[in-house]
Amino acid sequence: AEETLDIEEVQLLLFDVAEQLDIKTAVISVHMVDSNVNTGEGGADEQLELIMLLPGAAPQKFIVAGVDPRQLKQTANEFRNNLLTSVRRGNDSFMPQSQALYQALIAPLEETLARADIDTLVFSMAPGLRMLPLAALHDGEQYLVENYSVGMVPSLSLIDTQFDQPIDSARVLAMGASSFDTLSPLPGVPVEVEMIRNR
């Protein structure tokens, strides 16, 4: 199903968050689009498209050249698997995939993010990339989470655009699962939930 999104509502929310909490957020939607859509030619080739919403700015679209979406999904799967085994073994064999994914998903946006003084990134990812641990992407010097707060929503249409009450006294429900029947475990979840609960 296609996402329905009122871009003006999301941009107003980003502006409100920046004004009230002094947090400058970018919303980044990652898509795989038919590369022949503009030429009118038939074909199933896809290309990577990043759409970024910033407070007070028109949506910006980035077509990432030289990235095969099928290969990107495969790299994302290898990264997740290598990250889990690397943590257990105490090595960084996941680093090549981490840096390749950073180059595809973050590097095209870096200049714009820096100009807008963004400190928080919220992603809506294409199918096949939704389990990607974005915080562990690496630019060659630092992890993404060292420069930005990072979040993810399954769909842009699920962003709550109602921001009319202070969050200082808001109650938080924090829960998570660290083991699954058919998926790889997420050993960091208990620590993350405890950190959220104690904030």
Listed by first then second residue, the pairs whose first member lies in segment 121-133 and is within 20 Å of ARG70 (Cβ to Cβ) and in contact (Cβ under 8 Å) with a residue 24 or more places away in the chain, whose partner is open to solvent by 50 Å² or more (accessible area, probe 1.4 Å) and in a loop (DSSP other than H, G, I, E, B), with beta carbons under 7 Å and at least 6 positions apart or on separate chains, are ARG130/PRO154
Would you point out which residue out of VAL87, VAL67, VAL122, VAL30 is open to solvent by less than 10 Å² (accessible area, probe 1.4 Å) and within 28 Å of LEU183 (Cα to Cα)? VAL30
Might you check whether a residue that is modelled with pLDDT of 90 or more, within 20 Å of the chain's Cα centre (by Cα) and either of a type in the set (Val, Ile, Thr) or in a helix (DSSP H, G or I) (or both) occurs anywhere in segment 151-158? no
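Residues that are modelled with pLDDT under 85: which helices (runs of 4 or more DSSP H) entirely in segment 50-124 hold 1 or more of them?
Working: elements: 69-89, 95-105, 110-115.
Once the helices (runs of 4 or more DSSP H) in segment 50-124 are filtered for at least 1 residues that are modelled with pLDDT under 85, what remains is 69-89.
The values are calculated or read from the model by the stated rules, or taken from the named source; none is laboratory data. Everything numeric in this text was worked out from a predicted model, so none of it was measured. We place every Cβ from the backbone using ideal geometry, glycine too, and count neighbours over all the protein chains shown. Please note that ligands, DNA and RNA were not included when accessible areas were found on the heavy atoms of the full protein model with its side chains. Shrake-Rupley method; radii C 1.70, N 1.55, O 1.52, S 1.80 Å.
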